[in-house]
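Report on the structure given below.
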Amino acid sequence: MSDDFVLRAAAQGDGGFLGDMVVEAANWRAGAARPRHEILSSLEHRRYVAGWMRPADAGVVAMDSDGRPVGAAWFRMLSQDEPGFGFIETAVPELIIGVHPLWRARGVGRTLLRGLLDEARVRGHRRVSLSVEQDNFARTLYRSEGFVVVGSDVGRDTMVRRLG
Ligand SMILES: CC(C)(COP(=O)(O)OP(=O)(O)OC[C@H]1O[C@@H](n2cnc3c(N)ncnc32)[C@H](O)[C@@H]1OP(=O)(O)O)[C@@H](O)C(=O)NCCC(=O)NCCS
């Protein structure tokens, strides 16, 4: 399998793949295998993809050399009434990321993060938030990309990246 991948902007037709990535994020822990339908029918996960793509949504998708999606990072504007796990404030977008298991630890996640933060800057956002469980190594990745912990609750951290 080639190690090559390229990023493209997420599009309307990516909703199904983003749903797959929500499932990967929810099942990040080794051995976790909650079924897709169960995860995507739960309100707290469904809101990351429901009605994709809305005007304030933006994302990047990593594609392998055969044009297949292998990972994605995106953000959404969620409301106080229907917040995500990483909600901090109205008008601060929340980031979600997932990489196909076969493509992990090959630089896709970091590249997706950087690409998405560039897009957030272009759109004039000053901050991006996310939520991560404290024992997920992804927390270290986020820290190394400039995210800082702004709050913690039952094993999860909310992190924020300020955009210059
Ligand atoms: C988290 C995730 C998006 C990261 O993407 P990735 O493509 O695997 O990450 P990268 O290859 O860009 O690696 C980023 C850094 O993490 C490190 N890393 C990767 N996998 C690791 C692992 N299993 N354990 C510890 N560190 C790891 C890499 O060494 C790299 O650090 P370095 O640049 O200093 O070498 C991806 O692993 C994933 O989808 N995981 C399951 C879902 C998930 O946890 N989503 C996040 C929920 S908040």
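The values are calculated or read from the model by the stated rules, or taken from the named source; none is laboratory data. Here the structure is a predicted model, which means the values were calculated and not measured. Here the Cβ positions follow ideal geometry from the backbone for every residue, glycine too, while neighbour counts run over all protein chains shown. Just the protein is used for accessible areas: all its heavy atoms, side chains included, with ligands, DNA and RNA removed. Shrake-Rupley method; radii C 1.70, N 1.55, O 1.52, S 1.80 Å.
Consider residue 133 carefully, then state whether it is within 27 Å of residue 42 (Cα to Cα) and at pLDDT below 95. It is false that residue 133 is within 27 Å of residue 42 (Cα to Cα) and at pLDDT below 95.
Any residue at all in region 144-160 that is within 24 Å of residue 70 (Cα to Cα), of a type in the set (Ser, Thr, Tyr) and open to solvent by less than 40 Å² (accessible area, probe 1.4 Å)? No - not one qualifying residue is present in region 144-160.
Counting only residues that are open to solvent by 40 Å² or more (accessible area, probe 1.4 Å) and not basic (Lys, Arg), region 127-143 holds 5 of them. Being more than 9 Å from the ligand (Cβ to nearest atom) and in a loop (DSSP other than H, G, I, E, B) is the filter; apply it to region 124-144 and report the residue that is farthest from residue 32 (Cα to Cα). Restricting to residues being more than 9 Å from the ligand (Cβ to nearest atom) and in a loop (DSSP other than H, G, I, E, B), the top hit is 124. The residues of region 88-111 that are assigned to a loop (DSSP other than H, G, I, E, B), within 7 Å of the ligand (Cβ to nearest atom) and under 19 Å from residue 19 (Cβ atoms) amount to a single one, 104.
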